[in-house]
Amino acid sequence: MARTLDKTYGELVEKAQYLFWTKGYKSVSPEDLASHLDVSISTIYNKYTKDSLFMDALDSYVVSLSDPIMSNIRNSKEGIQSLRAFFHMLIDALLDKTFPRSCLMVNTVVELRKEENRVSDIYDRYFGNMRASYLIVLQRSIEMNELNFPERIEKYADFLVGIIFGMSILYKVKSKEELYLYINEQLSLIE
Amino acid sequence: MRYKEFNTNNVLEKCIFLFWEHGFSSCSINDIVKKTHVNRFSLYNEFENKDTILLSALNLYKERYSNKRIAILNQNKPLREVLKEFYFSYLTEDDKHPPGCFIIHISTELADDNEIIKNKLDAYLLEIEEKIGTLLNKYDETKKQRKFSAKHLTGLFCNSMCFCLIQSPKEQRIYIENGLNLILSKTYTNGKNFR
């Protein structure tokens with residue numbers, strides 16, 4: 001008898017996201033997905049393919065994880081301090097494995113680069129939103145007189161977008177104290 | 001006695017490519033056999049298991065490719081030129097490897113759960129930091145804050161090895177120059193800011 005699907009698509013995407021996050025895209029076979037999601041293999045082949053589950057997992061990463069955090073940063077009343085708090089929170093999430101393996105978006109960049117157009121669209125949205133949010137914080141920092149060189153604001157935003165990439169490597173070998181200090185020093189470069 | 005019918009380093013070169021393009025976990029011994037044309041028995045005889053193949057491949061990559069790039073840091077040229085050449089040596093595409101760094105790539109996949117890979121990554125980043133420190137020590141303007149700058153230039157290396165993979169060559173150049181300016185300007189302080 002065929003199994004009926006008793007889970008919502010959203011639940012499946014969430015489960016699939018965890019699998020892609022820990023194992024990457026290429027290492028997950030359709031069979032792995034079927035057993036991890038507890039659905040039949042024909043469901044993966046015919047209904048929800050590995051590709052669409054992956055794209056939706058990435059999309060949900062942006063919508064439910066990253067967007068709310070970025071909107072917090074944008075709406076904060078603080079300047080550089082809101083960035084410091086964000087990066088410290090990221091360090092905690094990386095080290096206590098709330099983020100099971102690095103940042104899903106960075107992992108995807110390293111693994112897939114720009115091999116597929118659909119991934120590129122998600123990168124553009126994700127990093128575009130991140131940069132725009134940083135710019136808003138930097139504007140606020142200027143009003144608060146925190147920046148010595150306000151005219152360099154665009155360059156600072158570019159620099160800030162790069163930080164999460166290095167963090168996603170460094171957390172693997174550095175202690176929490178070292179990472180906090182690293183972030184504070186990185187931010188001191190723009191203050 | 002049988003002669004070994006393959007060259008170990010040639011096999012490892014093919015494995016570097018295979019693991020880099022497909023990820024280590026998704027490669028089976030069968031995939032390695034297909035790619036290298038060496039049979040399973042000989043592979044196990046030479047390397048024991050898949051993990052030892054990976055470690056040998058990492059060591060070969062380090063010896064053949066990374067060391068040459070790290071040696072760029074020994075050159076006597078203007079500081080920024082040396083650093084830029086170092087970063088870009090990883091990003092310039094050739095037909096042999098994808099852009100980026102194999103050690104960083106494998107660490108992204110495995111360093112969380114694999115202590116040996118983690119230690120390799122740690123040693124690799126420390127070596128880069130130390131060599132950059134030695135380089136900075138040669139210039140009066142960076143001597144004093146070489147430790148601080150070396151740490152953050154190593155951070156810029158990590159950033160570049162990931163971020164630059166999705167950038168155009170022009171964006172890469174802008175990103176790296178911008179990073180160098182910000183990090184090195186910290187050493188030029190005391191009123192004399194860099195331009």
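The values are calculated or read from the model by the stated rules, or taken from the named source; none is laboratory data. Everything numeric in this text was worked out from a predicted model, so none of it was measured. Cβ sites come from the backbone with ideal geometry, for glycine too, and all protein chains shown count toward neighbours.
Key figures for this structure:
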quantity	calculated
Residues that are among the polar types (S, T, N, Q), without any contact (Cβ under 8 Å) to a residue 40 or more places away in the chain and within 11 Å of A:Gly79 (Cα to Cα), drawn from segment A:103-147	A:Gln139, A:Asn145
Some residue of segment B:94-102 being surrounded by 17 or more Cβ atoms within 10 Å (Cβ to Cβ), more than 23 Å from A:Lys23 (Cβ to Cβ) and among the charged types (D, E, K, R)	no
Selection status of B:Lys77, away from chain A (no Cβ under 14 Å), assigned to a loop (DSSP other than H, G, I, E, B) and surrounded by fewer than 17 Cβ atoms within 10 Å (Cβ to Cβ)	yes
Which numbered condition A:Leu94 fails, given (1) surrounded by fewer than 19 Cβ atoms within 10 Å (Cβ to Cβ); (2) within 14 Å of chain B (Cβ to nearest Cβ); (3) at pLDDT 95 or above	(1)
Among (1) more than 23 Å from B:Ala111 (Cβ to Cβ); (2) within 13 Å of chain B (Cβ to nearest Cβ); (3) free of Cβ contacts under 8 Å to residues at least 60 places away in the same chain, the one test that A:Leu181 misses	(1)
Single condition B:Asn190 does not satisfy, out of (1) modelled with pLDDT under 95; (2) surrounded by fewer than 21 Cβ atoms within 10 Å (Cβ to Cβ); (3) part of a helix (DSSP H, G or I)	(3)
Matching option when the condition is surrounded by 15 or more Cβ atoms within 10 Å (Cβ to Cβ) and over 13 Å from the mean Cα position of the chain (by Cα), among A:Arg101, A:Arg84, A:Arg125, A:Arg118	A:Arg84
Exclusive hit being within 13 Å of another protein chain (Cβ to nearest Cβ), touching a residue at least 60 places away in the same chain (Cβ under 8 Å) and not polar (S, T, N, Q), set A:Ile190, A:Ile153	A:Ile190
All positions within segment A:97-121 that are more than 19 Å from B:Ala111 (Cβ to Cβ) and either basic (Lys, Arg) or modelled with pLDDT of 95 or more (or both)	A:Arg113, A:Lys114, A:Arg118
Unique match (being buried (at least 19 other Cβ atoms within 10 Å of the Cβ), more than 10 Å from every other protein chain (Cβ to nearest Cβ) and either at pLDDT 95 or above or not in a helix (DSSP H, G or I) (or both)) among B:Leu153, B:Leu125	B:Leu153
Criterion (over 13 Å from the mean Cα position of the chain (by Cα) and within 14 Å of another protein chain (Cβ to nearest Cβ)) met by exactly one of A:Leu58, A:Leu37, A:Leu33	A:Leu33
Residue check, A:Ser42 free of Cβ contacts under 8 Å to residues at least 12 places away in the same chain, in a helix (DSSP H, G or I), touching a helix residue (DSSP H, G or I) at 6+ places or on another chain (Cβ under 9 Å) and exposed (fewer than 15 other Cβ atoms within 10 Å of the Cβ)	yes
Members of segment B:47-89 that are under 22 Å from B:Arg146 (Cβ atoms), free of Cβ contacts under 8 Å to residues at least 12 places away in the same chain and hydrophobic (A, V, I, L, M, F, W, C)	B:Ala71
